[in-house]
1. Within the stretch 121-143, track down each residue that is closer than 14 Å to residue 57 by Cα and assigned to a helix (DSSP H, G or I).
2. Any residue at all in the stretch 167-187 that's of a type in the set (Lys, Arg) and either open to solvent by less than 40 Å² (accessible area, probe 1.4 Å) or touching a Cys at 6+ places or on another chain (Cβ under 8 Å) (or both)?
3. Looking only at residues in the stretch 83-115 that are among the small types (Gly, Ala, Ser) and in contact with a Ser or Thr (Cβ under 7 Å, 6 or more places away or on another chain), which one is farthest from residue 160 (Cα to Cα)?
4. Residue 106: of a type in the set (D, E, K, R), open to solvent by less than 10 Å² (accessible area, probe 1.4 Å) and not in a strand (DSSP E or B), yes or no?
5. Considering the stretch 162-202 alone, what residues qualify as being over 18 Å from residue 21 (Cα atoms), among the hydroxyl-bearing types (Ser, Thr, Tyr) and not in a helix (DSSP H, G or I)?
6. When you scan the stretch 130-147, do you find a residue that is open to solvent by 70 Å² or more (accessible area, probe 1.4 Å), over 24 Å from residue 42 (Cα atoms) and free of Cβ contacts under 8 Å to residues at least 24 places away in the same chain, even just one?
7. Might you let me know whether the stretch 70-91 holds any residue that is in a strand (DSSP E or B) and open to solvent by 30 Å² or more (accessible area, probe 1.4 Å)?
Amino acid sequence: MSLPKEASPDHPIQELLSKRWSPYAFAGRPVSQEDLRSLFEAARWAASSYNEQPWRYLAASKADPEAFERLLSCLVEGNQPWAKAAPVLTIGCTSLKFALNGKPNDAAQHDLGLASASLTVEATARGLYVHQMIGILPDRVRELYGVPDDFRPLTGLAIGYLGDVNDLPESYRPRDLSPRQRRPLPEFVFGGRWGEASDLVK
């Protein structure tokens, strides 16, 4: 059985953030529509540049096997063997232009990330797990779902309950069993010069 892998932060953070984790092993237990609505409601209230809300999600659950297989086929080959166990899959898309003036929206990918982060924290609060992935097939998403040219399919999300690592294909098991690691603050928070740690985090 897989065990939750909580973070070991160097400084105090909110418990939901330390509990958030992206497993490969998902249980077959379905996610309720009530929970899913709340996850997407959390995404809805994410911050965005000019309140543009550029994110859109394509979603499918195993309650509709045909729709699920269709969305699963939009993941790269390396993600399908583990993601097929998740009860819910989504594809996150983002607009490329501001609706208000048609100019390029350079914040759009950042804003989709904020929406998906909000969704993920809400999922964690409900005992759910989200594994985000960049490994999707954007052209296939466009073909199957009729995504407009001014939107970009960008990320996949597998959503569900934690499963048993022993149910994973053997090559994926070390990913769930290996310890979580992060670079320390001084390696990414800089002060007067690039690469020099800010006094704020020393």
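1. Matches in the stretch 121-143: 138, 141, 142.
2. No.
3. So the residue we want is 107.
4. No.
5. 198
6. Checking the stretch 130-147: at least one residue is open to solvent by 70 Å² or more (accessible area, probe 1.4 Å), over 24 Å from residue 42 (Cα atoms) and free of Cβ contacts under 8 Å to residues at least 24 places away in the same chain.
7. no
The values are calculated or read from the model by the stated rules, or taken from the named source; none is laboratory data. All of these numbers come straight from a predicted model, not from anything done at the bench. For neighbour counting, all protein chains shown are included, and Cβ atoms are generated from backbone atoms with ideal geometry for every residue, glycine included. Calculation scope for accessible area: heavy atoms of the full protein, side chains included, ligands and nucleic acids excluded. Shrake-Rupley method; radii C 1.70, N 1.55, O 1.52, S 1.80 Å.
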